[in-house]
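Novice: Have a look at this one before I ask anything.
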Amino acid sequence: MESEGSTGSAGLAKSAASKLSEMGERTKQLGTAMQDPDRQRRIILVIVCVALLLDNMLYMVIVPIIPEYLADLESAEEHAYEATHVNSSGKFKSNRDNLDVQIGVLFASKAILQLLVNPLSGTFIDRVGYDIPLLIGLTVMFLSTVIFAFAENYGTLFMARSLQGLGSAFADTSGIAMIADKYTEESERSRALGIALAFISFGSLVAPPFGGVLYQFAGKQVPFIVLACVCLADGILLLTVIKPFSNRTRENMPVGTPIYRLMIDPYIMVVAGALTVCNIPLAFLEPTIANWMTSTMHASETEIGMTWLPAFFPHVLGVYITVKLAAKYPSLQWFYGALGMVIIGASSCVVPACKTFGQLMLPLCGICFGIALVDTALLPTLAFLVDVRHVSVYGSVYAIADISYSVAYAMGPIVAGQIVHNLGFVQLNLGMGLVNVLYAPMLLLLRYVCQMKPSYSERDGLLEDGPTGLYDTLKMEERKCKMKGLSTTAANCLPIDENGLDAFREHRSYSEESSGPEYL
């Protein structure tokens, strides 16, 4: 019996040891798979897309929640005050008048803080890389979401909304910049950024019904707790896959172009202006269309909550079409953006003419389709402009893009209501449509961007591998000599034999013939 027991124990120990060995082998294989560049790029794309989805869901999930929640708080305060005071109706009438202003300021505070922080976050991202700022952004977004869940007064809600703007300035900018950095081939970059834009659209459009349903059936805390859990999981995945605090080699990376120099680049400014103008209709309609629908077509709460959801599908269609066209005809990126702005302008002008909920869906879908064309065409163009005219570090240029969006969404909740009050809803839409149509020809300035010749920046000299070809080596040595005040010819800096000189001349001749015109 003892021998049988010992044999059984030995068998169990052997079985456990083999299972542990198998688990260790699988873990090792998983770690090896994570190091595969293509697989790691896909995982990074998933992490960034989830971060963008969360940010935009948190931005829009409060739309059906906060106005009703603040109104309930105001009503509770009014009843409590009336229980102990008389003749208090005048005081609370003025408070109710200020409630709309408070909601507008609360909605805009995220974009305003994001607008202020973006110049600093872009520079920070250029200096430390993309992964640590993304982790900082996810951490701040997690904290802001938890605060939203348990906030019980306007001041706490305002702090949570502002914190979200701080997190977005880091997470959005570093995430988009990381995609541009990992996907260097133009068609792959357009496809990856298109996927990210689809997640942004899905987050923005699905968040209001998601928040409204959960708020109605489960209370205010539940939608924010769900988003906080997803944010926490995304941060853990980031720490597991990218390991932002290990093996830092930032000293070998190139120094990015300062953001103030990018801001005076005319091509970048044209793109930034287009991103602002094309998002103005969406940013201005979101805080005003609900009241207009109630007053003109007597829309129900369900219809108001579902206003933007159908527009998700044409937005994704616009992203898909633009990615396919950009892969086949990359020289027409400017045209896709201009066409999108014309569609946005025409759709904005049609909105006031709609009399039913079904009719309203058409122009709103047109606006989102046009925004998809503009964003999908011009976001990769920003990375290309940095590649050919500056240094291939993308934090600052996508901080400029984020500033462009923030300008539109900071003005929307504050300015749109004043325009509707003073001029009317029809005039607001006609003005937005006219601005988009008039700005579209500005994108003609980008028609020769695809023919620009990549400029040899300091990237080759700062990376560990260094220059690879003889021509690049000669040019690198020439720049070093100029910096040291020595001879301006590469021949004085790098001795080469006769064969090498002949090879250099042939390579230079071929490069100059095939590079195409350079536009400065």
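The values are calculated or read from the model by the stated rules, or taken from the named source; none is laboratory data. On a predicted model such as this, the values are computed, not experimentally measured, just so you know. All Cβ positions, glycine included, derive from the backbone under ideal geometry; neighbour counts span all protein chains shown. Areas reflect the complete protein model, heavy atoms only, side chains present, ligands, DNA and RNA absent. Shrake-Rupley method; radii C 1.70, N 1.55, O 1.52, S 1.80 Å.
Novice: State whether the residues of region 411-425 include one that is surrounded by 21 or more Cβ atoms within 10 Å (Cβ to Cβ), in a helix (DSSP H, G or I) and modelled with pLDDT of 85 or more.
Specialist: Initial filter on region 411-425 (surrounded by 21 or more Cβ atoms within 10 Å (Cβ to Cβ)): 412-413, 416.
Subsequent filtering for residues that are in a helix (DSSP H, G or I) retains 412-413, 416.
Those left that are additionally modelled with pLDDT of 85 or more: none.
Within region 411-425 (the criterion being surrounded by 21 or more Cβ atoms within 10 Å (Cβ to Cβ), in a helix (DSSP H, G or I) and modelled with pLDDT of 85 or more), the answer is no, since none of the residues qualifies.
Novice: Take the residues in region 260-295 that are among the hydroxyl-bearing types (Ser, Thr, Tyr) and at pLDDT 90 or above; name whichever of them is nearest to VAL415 (Cα to Cα).
Specialist: So in region 260-295, the residues among the hydroxyl-bearing types (Ser, Thr, Tyr) come out as 260, 267, 276, 288, 294-295.
Next cut, at pLDDT 90 or above only: 267, 276.
On the way: TYR267: 28, THR276: 15 Å.
Here the residue is THR276.
Novice: Are there helices (runs of 4 or more DSSP H) fully within region 277-390 with at least 2 residues that are closer than 23 Å to ALA177 by Cβ? List them. Break it down into steps so the answer makes sense when it comes.
Specialist: On the way: elements: 289-297, 301-305, 312-328, 333-350, 357-389.
It comes to 312-328, 333-350, 357-389.
Novice: Just wondering, is there one or more residues in region 320-335 that are surrounded by fewer than 20 Cβ atoms within 10 Å (Cβ to Cβ), over 24 Å from MET432 (Cα atoms) and either in contact with a strand residue (DSSP E or B) (Cβ under 9 Å, 6 or more places away or on another chain) or small (Gly, Ala, Ser) (or both)?
Specialist: Start the filter on region 320-335 by keeping residues that are surrounded by fewer than 20 Cβ atoms within 10 Å (Cβ to Cβ), which leaves 320-321, 324-325, 327-332, 335.
Next cut, over 24 Å from MET432 (Cα atoms) only: 320-321, 324-325, 327-332.
Retained after the next criterion (residues that are either in contact with a strand residue (DSSP E or B) (Cβ under 9 Å, 6 or more places away or on another chain) or small (Gly, Ala, Ser) (or both)): 327, 331.
Scanning region 320-335, I find at least one residue that is surrounded by fewer than 20 Cβ atoms within 10 Å (Cβ to Cβ), over 24 Å from MET432 (Cα atoms) and either in contact with a strand residue (DSSP E or B) (Cβ under 9 Å, 6 or more places away or on another chain) or small (Gly, Ala, Ser) (or both), so the answer is yes.
Okay, residues lined up against (1) in a helix (DSSP H, G or I); (2) closer than 21 Å to LEU227 by Cα; (3) open to solvent by less than 10 Å² (accessible area, probe 1.4 Å); (4) touching a His at 6+ places or on another chain (Cβ under 7 Å):
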{"position": "GLY155", "(1), (2), (3), (4)": "yes, no, no, no"}
{"position": "MET159", "(1), (2), (3), (4)": "yes, yes, no, no"}
{"position": "SER162", "(1), (2), (3), (4)": "yes, yes, no, no"}
{"position": "GLY165", "(1), (2), (3), (4)": "yes, yes, yes, no"}
{"position": "SER168", "(1), (2), (3), (4)": "yes, yes, yes, no"}
{"position": "ALA171", "(1), (2), (3), (4)": "yes, yes, yes, no"}
{"position": "ILE179", "(1), (2), (3), (4)": "yes, no, yes, no"}
{"position": "PHE202", "(1), (2), (3), (4)": "yes, yes, no, no"}
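Novice: Against the condition surrounded by 18 or more Cβ atoms within 10 Å (Cβ to Cβ) and in a helix (DSSP H, G or I), how does ALA233 come out, does it pass? It would help to see each step written out before you state the result.
Specialist: Numbers: surrounded by 18 or more Cβ atoms within 10 Å (Cβ to Cβ): no; in a helix (DSSP H, G or I): yes.
The answer is no for ALA233.
Novice: Separate question: In region 136-161, how many residues are farther than 19 Å from ILE62 by Cβ and modelled with pLDDT under 90?
Specialist: Qualifying residue count, region 136-161: 0.
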